[in-house]
Amino acid sequence: MQLLPMHSGGYSLLSFQQWRLKKYSLQTTHQWSKMKFLPIENDQPNEKNTIVFKLHVHCKRGSPRITVKSDELKWLPNGSELIKESRKVASDSASKPETYTSFSCSQDTLPEFANNPIAPKYPDIIISKLGPGQEIELEAHAVKGMGKTHAKWSPVATAWYRMLPEVVLLEEVEDDLAEGLKSKCPVNVFDIEDLGKGKKRATVARPRACTLCRECIRDEEWEKRVAIHRVKDHFIFTIESTGALPPEVLFTEAVKILEDKCERVITELS
Ligand code: SF4
């Protein structure tokens, strides 16, 4: 559950950036029936730093097994509904019972979420399967955090970059040589252009697909016909998002952070 991406419009989520379901200790008896909070760090959980979901599913005795999916998570805009154990005993009937959050207003009145209720981004992510007589009842608190504190808050799954490959034909490669060159490349960088009258010429059709494997210039004679380079100031990033933010937003946010860091270094040095 910790990695379920939430939906409420990518950009409104930027202000509530990198929410992740906070970890709970589930007392897993034979069935997941009880749960208890781990203490929430530092800040008191409030409407600005915490989003609360409730999930309550019961598979009745004698019924077939059921699959619990992410659409069963219901947003609680007023915060936690669980009353703290210690307060249950101490509180008198007149005072408001203390829960695990202290919301001063309902989150559905906040401009970010007024017309954009928070819900799991994908409704069909399987959370668990329940057998007859089993039940899950839980409250899940999504808290704001940063990837540098813990990877669970990172909105990026896998990210890597490579330099732009450059493939240049140093001379005309024609006819059988063109066919030979085309068949050498495992990722189809080259194509054949029909010149008419039975003449053919090799072209570099998909240079970005080049993996720089050097297969096409393995034979010495081909080194004078084909040149393979990396463009040293052109990077191609591949970013896989966990789903909370689209990859292009992740990239631009990362560039902004890098820019800030560079400015701080320049300020320190000047
Ligand atoms: S280096 Fe490899 S991938 Fe690139 S053009 Fe040559 S054969 Fe194709």
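The values are calculated or read from the model by the stated rules, or taken from the named source; none is laboratory data. Keep in mind it's a predicted model, so treat the numbers as computed, not measured. Every residue, glycine as well, gets a Cβ built from its backbone with ideal geometry; the counts of neighbours run over all protein chains shown. Only protein heavy atoms, including side chains, enter the accessible area calculation; ligands, DNA and RNA are left aside. Shrake-Rupley method; radii C 1.70, N 1.55, O 1.52, S 1.80 Å.
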Practice problem: All but one of (1) near the ligand (Cβ under 10 Å from one of its atoms); (2) open to solvent by 50 Å² or more (accessible area, probe 1.4 Å); (3) modelled with pLDDT under 95 hold for Val187, so report the exception by its number. | Solution: (3)
Practice problem: Could you identify the single residue in Thr109, Thr99, Thr67 that is loosely packed, with under 14 Cβ neighbours inside 10 Å, more than 25 Å from the chain's Cα centre (by Cα), more than 30 Å from Glu248 (Cβ to Cβ) and of a type in the set (S, T, N, Q)? | Solution: Thr109
Exercise. Six or more apart or on different chains, Cβ under 6 Å: which pairs go from a residue in segment 226-237 that's within 7 Å of Leu164 (Cβ to Cβ) to one that's surrounded by 12 or more Cβ atoms within 10 Å (Cβ to Cβ) and of a type in the set (Asp, Glu)? Could you list them?
Key: Val231/Glu166
Self-check item: Candidates Ile217, Ile228 - the one that is in contact with a helix residue (DSSP H, G or I) (Cβ under 6 Å, 6 or more places away or on another chain) and either within 12 Å of the ligand (Cβ to nearest atom) or of a type outside the set (Ser, Thr, Tyr) (or both)
Solution: Ile217
Exercise. Answer with yes or no whether Glu85 is modelled with pLDDT of 95 or more and surrounded by fewer than 16 Cβ atoms within 10 Å (Cβ to Cβ).
Key: no
Exercise. Go through segment 190-203 and give me each residue that's within 14 Å of the ligand (Cβ to nearest atom) and surrounded by 17 or more Cβ atoms within 10 Å (Cβ to Cβ).
Key: Phe190, Ala202
Quiz item: Which condition breaks for Leu164 when tested against (1) among the hydrophobic types (A, V, I, L, M, F, W, C); (2) away from the ligand (no atom under 16 Å from the Cβ); (3) touching a residue at least 60 places away in the same chain (Cβ under 8 Å)?
Solution: (2)
Quiz prompt | Number of the exception - Ile228 against (1) loosely packed, with under 14 Cβ neighbours inside 10 Å; (2) at pLDDT 95 or above | solution = (1)
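Residues to consider are His150, His141; find the one that is open to solvent by 60 Å² or more (accessible area, probe 1.4 Å), within 30 Å of Glu81 (Cβ to Cβ), assigned by TED's automatic domain parsing to the domain that holds Pro64 and not hydroxyl-bearing (Ser, Thr, Tyr).
Of the residues listed, the single one that is open to solvent by 60 Å² or more (accessible area, probe 1.4 Å), within 30 Å of Glu81 (Cβ to Cβ), assigned by TED's automatic domain parsing to the domain that holds Pro64 and not hydroxyl-bearing (Ser, Thr, Tyr) is His150.
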Quiz item: Pick from Val255, Val189, Val265: which is under 29 Å from the mean Cα position of the chain (by Cα), of a type outside the set (Gly, Ala, Ser) and more than 30 Å from Ile125 (Cα to Cα)?
Solution: Val255
Quiz item: Name the pairs: first residue in segment 174-186 and more than 15 Å from Gly196 (Cα to Cα), second residue open to solvent by less than 60 Å² (accessible area, probe 1.4 Å), Cβ to Cβ under 6 Å, at least 6 apart or on different chains?
Solution: Leu181/Val173; Leu181/Phe190; Leu181/Ala202; Lys182/Phe190; Lys182/Ile192; Lys184/Cys216; Cys185/Cys216
